[in-house]
Amino acid sequence: MLLSMTGQGLGRHAIGPWQVSVELRAVNNRHLKIQLRMSDGLQGLEQQVEARLRMRLRRGSLQVGVYLSGDIGNSRGQLQADVIKNYWHQLQVVAEDVGARDALSFRDVLLLPGVIDEGKRLSSESEFEPELVSAVETAVNSAIDQLNQMRRAEGDSMASELNRQLARLEELTCTIEGRAPAVVDDYRRRLQQRLAMVLSDMNVQIGEPDLLREITLFADKSDIREELVRLRSHFGQFQNLINDAESQGRKLDFLIQEIFRECNTIGAKASDSEIAQRVVDLKTIVEQMRELVQNVE
């Protein structure tokens with residue numbers, strides 16, 4: 001099963017006087033990077049929210065917004081209208097200058113420092129009402145569930161495409177494998193023809209042992225059987241990782257590099273135009289697969 005690293009999720013939970021909303025947006029990243037924005041009244045729960053995200057997600061760049069509405073108890077939160085107006089005016093001026101006026105969101109302004117006069121700031125989980133802590137955790141889990149549902153759907157599409165491309169790699173490898181034995185025979189024929197042309201006006205004879213030695217050297221240099229065996233092994237491992245119960249993006253990325261390396265070696269060793277063209281086709285497909293794999297968790 002593959003999981004994409006891109007997607008979004010929304011989780012909401014209401015309990016008592018509180019309404020907690022959690023928004024997640026994820027894009028691909030080699031590691032797990034979390035950008036967390038909390039309503040002023042919830043900043044004491046940052047560590048708990050991040051721990052929950054790291055428990056359930058492994059890779060990707062996450063933008064996380066946790067919003068709170070309702071009475072937040074001993075924080076006695078009050079909106080500061082003058083502060084909000086000042087922020088909004090300044091943001092409009094800057095947005096106009098950079099041509100991003102449509103990107104302004106009033107909700108983003110509510111997350112800026114000083115917008116809520118919260119009285120006593122709640123700085124640790126123990127200072128919050130247990131019901132509020134539970135509401136935040138439930139909303140975070142709901143957002144992650146929705147995100148993962150989207151990531152699984154995209155991962156299934158990616159798996160289908162990777163399987164299709166893997167089948168094409170197998171076909172091209174079979175073509176190369178079928179062509180390889182003829183390469184030495186073609187070299188023998190071309191070598192004999194060139195020698196006949198060069199020596200036609202000279203009283204020189206090339207012995208069969210000399211000819212065989214030259215052909216043997218060429219055969220050793222152009223032998224790609226080991227590379228083909230390794231390619232097929234990589235294809236099998238790649239297929240197993242696609243079907244693995246867990247998403248294996250890092251391992252898939254490593255295998256793609258190994259497959260590309262074997263393709264380069266085959267292209268360098270096989271002195272044959274037909275094989276060279278098939279290698280170009282192989283590398284083109286591998287590059288397309290690499291782009292997909294880089295978005296797999």
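The values are calculated or read from the model by the stated rules, or taken from the named source; none is laboratory data. Keep in mind that this is a model prediction, so the values were computed, not measured. Backbone-built Cβ (ideal geometry, glycine too); neighbour counts: all protein chains shown.
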Leu112 - would you say it is at pLDDT 80 or above and either closer than 30 Å to Arg290 by Cα or outside the structural domain of Leu282 (by TED's automatic domain parsing) (or both)? no
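Okay, residues lined up against (1) touching a helix residue (DSSP H, G or I) at 6+ places or on another chain (Cβ under 9 Å); (2) under 30 Å from Asn163 (Cα atoms); (3) touching a residue at least 40 places away in the same chain (Cβ under 8 Å); (4) not assigned by TED's automatic domain parsing to the domain that holds Glu129:
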residue	(1), (2), (3), (4)
Leu2	yes, yes, yes, yes
Glu50	no, no, no, no
Val66	yes, no, yes, no
Asp82	no, no, no, no
Val94	no, no, no, no
Asp97	no, no, no, no
Log entry, pairs with first residue in the range 132-159 being modelled with pLDDT of 95 or more, second being β-branched (Val, Ile, Thr) and surrounded by fewer than 19 Cβ atoms within 10 Å (Cβ to Cβ), beta carbons closer than 7 Å, six or more apart or on different chains, reads Glu154/Thr6
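Residues are listed down the side, and each one gets a yes or a no for (1) out of contact with any Gly (no Cβ under 7 Å at 6 or more places or on another chain); (2) within 18 Å of Leu110 (Cβ to Cβ); (3) surrounded by fewer than 21 Cβ atoms within 10 Å (Cβ to Cβ); (4) modelled with pLDDT under 90:
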{"position": "Met1", "(1), (2), (3), (4)": "no, no, yes, yes"}
{"position": "Met5", "(1), (2), (3), (4)": "no, no, no, no"}
{"position": "Leu10", "(1), (2), (3), (4)": "yes, yes, yes, no"}
{"position": "Leu42", "(1), (2), (3), (4)": "yes, yes, no, yes"}
{"position": "Ala51", "(1), (2), (3), (4)": "yes, no, yes, no"}
{"position": "Arg54", "(1), (2), (3), (4)": "yes, no, yes, no"}
{"position": "Gly73", "(1), (2), (3), (4)": "yes, no, yes, yes"}
{"position": "Ala81", "(1), (2), (3), (4)": "yes, yes, yes, yes"}
{"position": "Ile84", "(1), (2), (3), (4)": "yes, yes, yes, yes"}
Would you be able to say whether some residue in the range 223-231 is at pLDDT 95 or above and either closer than 30 Å to Arg54 by Cβ or among the acidic types (Asp, Glu) (or both)? no
